[in-house]
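One structure is given here, and the rest of the page talks about it.
The values are calculated or read from the model by the stated rules, or taken from the named source; none is laboratory data. Bear in mind that the values here come from a model prediction, so they are computed numbers and not experimental data. Because the Cβ atoms are built from the backbone with ideal geometry, glycine has one as well, and the counts that use them run over all protein chains shown. Surface areas here come from the heavy atoms of the whole protein model, side chains and all, with no ligands, DNA or RNA. Shrake-Rupley method; radii C 1.70, N 1.55, O 1.52, S 1.80 Å.
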Amino acid sequence: MKFVKKISLVVASISALGAFSSASADQLDDVISRGTLNCGVVLDFPPMGYTDKDNKPAGFDVDYCNDLAAVLGVKSNVINLTWGDRIPSLISAKTDVVIGSTSDSLARAKSVGFTYPYFVFKFQVISKKGVEMTSFDDLKDVKVGAALGTTYETEYFNYADAQGWGRDNYTAFKSENDAFLGLYQGKVDALISTNTNIATKLTSGQFDNFVAGPYVPNYDDVVGIIAKRSEQAWIKYLNLFLVHQVRDGRLNELHVKHFGTPVSADMVKALRENK
């Protein structure tokens, strides 16, 4: 009988240890033990994310995914997401992390955890040549659109509502590709996107009849990497990864690669100060 009790005690101890180990494991451990990083990127948002001529993921955000996988010593599995997929992909465990140019809004931070900022965008207007577009206020007199669920859609609504324009002239598109196609086809007169995406489109040769216009007034779009909110050890590791990207010169290298210019001192300062 005593022997049976001892065996039961040993089994209970092993079970408790296993439960403790399971509870103590975190996303960082999971990624390393699995040997693969599932990294979400929006691949219709060049130059941050796109597919190259060989139909492979490419872009600034993709390079960050691959760099993160490399320092972890695991394979990189880049998963294509829409804007609306970013947070659900983390909650459903489809992705371990999303490097998807996600604005670090307080509303989103209720659902997911944010790292330090890793990039700063401007929101800008692109319109067809001949459309009167000397200031952001000119949008009230034209058909305007943006990709659904983006921060620039939200900022347009905030501005339009504050000015009392209403939203009857606005069209939402389900993706960046659909938004630019809608602009090209004349479904809208002007489109709001990021300065980087617009610059890429204007140099592609496909938007020769379009011009870059005014910026969203008084707004810088600061973006971070997102992960499950509860995974604090994982987020701390991601923060350290971002610090090393700046410190080791990799940020500058990728900025030259994807934007053609060195990263500005102002951006480096902002990222170092975690603004």
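Only residues that are outside any helix (DSSP H, G or I), out of contact with any Cys (no Cβ under 6 Å at 6 or more places or on another chain) and under 20 Å from Lys56 (Cβ atoms): list them for the stretch 71-93, please. The answer is Val74, Lys75, Asn77, Ile79, Asn80, Leu81, Thr82.
Does Val243 satisfy the criteria of being in a strand (DSSP E or B), open to solvent by less than 60 Å² (accessible area, probe 1.4 Å) and closer than 30 Å to Ser92 by Cα?
Working: in a strand (DSSP E or B): no; open to solvent by less than 60 Å² (accessible area, probe 1.4 Å): yes; closer than 30 Å to Ser92 by Cα: yes.
Judged against the criteria, Val243 is not a match.
Contact map, the stretch 128-146: residues that are closer than 18 Å to Asn209 by Cβ paired with residues that are polar (S, T, N, Q) and loosely packed, with under 14 Cβ neighbours inside 10 Å, Cβ distance under 8 Å, separation 6+ or inter-chain. Pairs shown: Lys128/Asn209; Lys129/Asn209. Here is a list: Leu271, Leu251. Which entry is surrounded by 13 or more Cβ atoms within 10 Å (Cβ to Cβ) and at pLDDT 95 or above? Matching residue, one of Leu271, Leu251: Leu251. If I ask for residues that are farther than 16 Å from Val97 by Cβ and either under 16 Å from the mean Cα position of the chain (by Cα) or of a type in the set (Gly, Ala, Ser) (or both), which ones from the stretch 222-250 would you list? Val222, Gly249 - these are the residues of the stretch 222-250 that are farther than 16 Å from Val97 by Cβ and either under 16 Å from the mean Cα position of the chain (by Cα) or of a type in the set (Gly, Ala, Ser) (or both).
Only one of the numbered conditions (1) under 20 Å from Gly49 (Cβ atoms); (2) in contact (Cβ under 8 Å) with a residue 24 or more places away in the chain is not met by Thr203, and that is (2). Selection of the stretch 219-240 for residues being part of a strand (DSSP E or B) and either free of Cβ contacts under 8 Å to residues at least 40 places away in the same chain or open to solvent by 50 Å² or more (accessible area, probe 1.4 Å) (or both) yields only Lys228. Condition check for Thr154 on (1) modelled with pLDDT under 95; (2) buried (at least 18 other Cβ atoms within 10 Å of the Cβ); (3) in a helix (DSSP H, G or I): one failure, at (2).
Here is the figure for the stretch 157-199: residues that are open to solvent by less than 40 Å² (accessible area, probe 1.4 Å), closer than 21 Å to Tyr219 by Cα and under 18 Å from the mean Cα position of the chain (by Cα) total 7.
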